[in-house]
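A.B. asks: Provided herewith is a single structure, encoded as structure tokens, for subsequent inquiry.
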Amino acid sequence: MKELGLFGATIPAEFGGLGLDVTTYARIVEELSRGWMSLSGVLNTHLMVAYLLREHGTPEQKQRYLPAMARGEHRGALCLTEPHAGSDVQRIRTTAVRQGDVYVLNGSKMFITNARTATIYAIAAKTNPNAEPPYKGISLFLGEKGAGLGVSRDIDKLGYKGIETCEVHLEDYRVPAANLLGGTEGRGFLQVMSALEVGRVNIAARAVGVATAAFEQAIRYAQQRETFGKPIAQHQAIQLKLADMATKIQAARLLTYSAAEKKDRGERADLEAGMAKLFASETCLEVAVEAMRVLGGYGYTAEFPVERYFRDAPLMIIGEGTNEIQRLVIARQLLERYKL
């Protein structure tokens, strides 16, 4: 992926990247996930950090980090989730206290992708724990490996086995004041929310890729496996499954690209990204189960990759905000749009 320049896929050409738009990148994520979803995870978190820098960083921050990130020399990790604060970002407890020309960070982060291999961390912390509303007290910092930042453990997971997911501890971790993203305190929450729009499009594209792979396994197997003197693809019950799977995958794909295109136009896309993430992830989980049913006993074995799709699929209904949160976001946006 490094040789193909994918670590700089969405980084502007002026910083050495490919300068691809979100829609094109979503297609890349879909194809990577169709092969092995963990590969897309290596890129997605990295490019979310690059997005934060590109959209919100100071000129000095962009010049310092983006060229090396585009070359794959810097690897990014987003440190947002905490043991007690997932979708409710305002509840984070990690603090950042300014002492002269540095900030001192203390706290813990959970489920951090790329944590061991990363060299640059975008860390959410509270610079004003008493802010009202609480989100106005959150800031983002660009940290590098060093004293005070430790990866305490790798988290064992059901699926998504090809990439590390870790717990990160910050103990008197010192970050230069110049590494406050954008140079102004209190903007971290809104910065993260803008990046999560892209993240949800990426999760949707992953889900479409995994669902497509599961469907392709099912339809191939259905034409080869025979029961009662004919391939099971000729049984109406199997045909109905295949038709439903393919239709829902295509609908999920179109929702995903629609959200990506809106983001590319510079428009707010949280409603569309939430819809795409919700529908695509639920479709992926359903298709993985249906593919396993089509393969029967073989679908439950490691002889076919369907069992991996079955283990990877649940991540998409949780990652980048649970689907319950997506439904809340969607409903709020709809109520605002159709307000009487």
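The values are calculated or read from the model by the stated rules, or taken from the named source; none is laboratory data. Treat the numbers as computed from the prediction; the structure is a model and nothing was measured. Positions of Cβ are generated from backbone atoms using ideal geometry, with glycine treated the same way; all protein chains shown enter the neighbour counts.
A.B. asks: Is it the case that GLU31 is touching a helix residue (DSSP H, G or I) at 6+ places or on another chain (Cβ under 9 Å), closer than 25 Å to VAL329 by Cα and of a type in the set (Asp, Glu)?
C.D. replies: No: the conditions fail for GLU31.
A.B. asks: When you scan the stretch 272-293, do you find a residue that is small (Gly, Ala, Ser) and in contact with a Gly (Cβ under 7 Å, 6 or more places away or on another chain), even just one?
C.D. replies: Yes, there is a match, as at least one residue in the stretch 272-293 is small (Gly, Ala, Ser) and in contact with a Gly (Cβ under 7 Å, 6 or more places away or on another chain).
A.B. asks: Here is a follow-up. Only one of LYS339, LYS262 is without any contact (Cβ under 8 Å) to a residue 40 or more places away in the chain, part of a loop (DSSP other than H, G, I, E, B) and not aliphatic (A, V, I, L, M). Can you tell me which?
C.D. replies: Of LYS339, LYS262, the one residue that is without any contact (Cβ under 8 Å) to a residue 40 or more places away in the chain, part of a loop (DSSP other than H, G, I, E, B) and not aliphatic (A, V, I, L, M) is LYS339.
A.B. asks: Still on this structure, please answer the following. Quick test of your reading of the structure: SER194 fulfils all but one of (1) outside the structural domain of LEU285 (by TED's automatic domain parsing); (2) closer than 25 Å to ASN130 by Cα. Name the failing condition by number.
C.D. replies: The single condition SER194 does not satisfy is (1).
A.B. asks: Would you mind finding the one in LYS277, LYS262 that is surrounded by fewer than 24 Cβ atoms within 10 Å (Cβ to Cβ), under 22 Å from the mean Cα position of the chain (by Cα) and under 20 Å from VAL192 (Cβ atoms)?
C.D. replies: One residue alone meets the criteria, LYS262.
A.B. asks: Also, I was wondering about something else. Identify the single condition in (1) within 29 Å of VAL329 (Cα to Cα); (2) surrounded by fewer than 19 Cβ atoms within 10 Å (Cβ to Cβ) that GLN99 does not satisfy, given that it satisfies every other one.
C.D. replies: GLN99 satisfies all of (1) within 29 Å of VAL329 (Cα to Cα); (2) surrounded by fewer than 19 Cβ atoms within 10 Å (Cβ to Cβ) except (1).
A.B. asks: When the residues of the stretch 181-232 are narrowed to those that are outside any loop (DSSP other than H, G, I, E, B) and farther than 30 Å from VAL29 by Cα, which ends up nearest to the chain's Cα centre (by Cα)?
C.D. replies: My answer is GLY183.
A.B. asks: Being closer than 22 Å to TRP36 by Cβ and either in contact with a Cys (Cβ under 7 Å, 6 or more places away or on another chain) or assigned by TED's automatic domain parsing to the domain that holds GLU55 (or both) narrows it down to one residue among MET245, MET292, MET316; which is it?
C.D. replies: Only one candidate qualifies: MET316.
A.B. asks: Another question, if that's okay. Name the residue that is nearest to ASP172 (Cα to Cα), counting only residues in the stretch 102-119 that are of a type outside the set (Gly, Ala, Ser) and surrounded by 22 or more Cβ atoms within 10 Å (Cβ to Cβ).
C.D. replies: LEU105
A.B. asks: Say whether the condition of being exposed (fewer than 15 other Cβ atoms within 10 Å of the Cβ), more than 15 Å from THR113 (Cα to Cα) and without any contact (Cβ under 8 Å) to a residue 60 or more places away in the chain is met by at least one residue in the stretch 153-170.
C.D. replies: No, the stretch 153-170 contains no residue that is exposed (fewer than 15 other Cβ atoms within 10 Å of the Cβ), more than 15 Å from THR113 (Cα to Cα) and without any contact (Cβ under 8 Å) to a residue 60 or more places away in the chain.
A.B. asks: In addition: Based on this model, can you work out whether ASN106 counts as part of a strand (DSSP E or B) and of a type in the set (S, T, N, Q)?
C.D. replies: Judged against the criteria, ASN106 is a match.
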